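A short reminder: the numbers here are calculations on the coordinates, not readings from a lab. Given the structure is predicted, the values throughout are model-derived calculations rather than measurements. Methodologically, a virtual Cβ is constructed for each residue, glycine included, from the backbone with ideal geometry; neighbour enumeration extends over all protein chains shown.
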Amino acid sequence: MEVQSSRRGSAPRNGVLPAGDRASIAGANLKSAIAMMRESGLRASAARRLVLEALLAADGPMSAEQIAQGIGGRVPSSDIASVYRNLQSFHEIGLVRHVHLGHGPGLYVLSLAGEPEYLTRERCADYSAVAPEVLDPVRDLIEREFGYRASFTHFPIVGLCASCTAELNATRRLRGTGA
Ligand SMILES: [Zn+2]
Ligand SMILES: [Zn+2]
């Protein structure tokens, strides 16, 4: 069982793509993404290709703003309004998904990169992307106890990390509001 974590915007450690093989996988995905667009009747315009390239260059789920800014300069930046429009079109044909990793807007990922599920630490926004089978025991428990099959691709499992918990406890002790 491999659980890797990745801080937003850090090196690719999101557990989705195997390290070392990113370039060839990204190449294959750009081709399959463009093929999927064409099959769905979407023209592979320069603006749409830029959004795809940004999503492929990303280490994890990205906001529309981050995509428009070219993922910190890794790809050329694009117009935010067209990014929103194109993400919407990609969403409609199932080429992108989004996940809510915090209070902000949904963050986008290419569906072609697999269907990871997410766990997030709400205070420091650290998160892990894991293969669904890692969370199957959790899903099984929820199904047994509550009668439905849970999914953590759209909304993650949210909690506090150990160091944030320790910090909060220390703050509470200082204020005298708890042990
Ligand atoms: Zn949503
Ligand atoms: Zn934390």
Mind listing the long-range amide H neighbours of C124? Cut-off is under 5 Å, sequence gap 5 or more, other chains count too, H placed in the peptide plane at 1.01 Å from N. C161
Show me, for the stretch 142-153, the HN-Hα J-couplings you get by feeding each phi into the Karplus relation (A = 6.51, B = -1.76, C = 1.60, θ = phi - 60°), rounded to Hz, glycine and proline as x. 4, 5, 5, 7, 10, x, 9, 8, 7, 9, 10, 8
Which whole-Hz couplings ³J(HN,Hα) result when phi for each residue of the stretch 158-168 is put into the Karplus expression 6.51 cos²θ - 1.76 cosθ + 1.60, θ = phi - 60°, listed in order with x for Gly and Pro? 10, x, 9, 6, 4, 6, 5, 4, 4, 4, 5
Determine the shape class of the stretch 115-179: with a ≥ b ≥ c the square roots of the Cα gyration tensor eigenvalues, call it rounded for a/c under 1.5, and otherwise prolate if a/b is greater than b/c, oblate otherwise. prolate
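Could you list R48, R139 in order of exposure, starting from the residue whose Cβ has the fewest other Cβ atoms within 10 Å? Display every interim value, and only then the final one.
Working: R48 23, R139 17.
Listed from fewest to most nearby Cβ atoms, that is R139, R48.
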In nm, spacing of pseudo-spin labels at V158 and S77 (7 Å Cα→C-beta vector): 3.0 nm
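Compute the signed sum of charges (Lys and Arg +1, Asp and Glu -1) over the other residues within less than 10 Å, Cβ to Cβ, of R149.
After counting each charged neighbour, the total is -1.
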Residues with amide H under 5 Å from that of I157, placed H, sequence gap 5 or more: Y118, L119, T120
The set of residues whose placed amide H lies less than 5 Å from the amide H of L101, leaving out same-chain residues fewer than 5 positions away, is L107
R43 versus H100, label points 7 Å from Cα toward the beta carbon: distance in nm? 3.6 nm
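Using the 10 angstrom Cβ neighbour count as an exposure proxy, how do M36, M62 rank, fewest first? Mind showing how you got there, number by number?
Details: M36 19, M62 22.
Neighbour counts put them in this order, fewest first: M36, M62.
Going by C-beta contacts inside 10 Å, put D136, D59, D126 in order with the fewest on the left. Walk me through the numbers on the way to the answer.
Values: D136 11, D59 21, D126 18.
Going from least to most buried by this count: D136, D126, D59.
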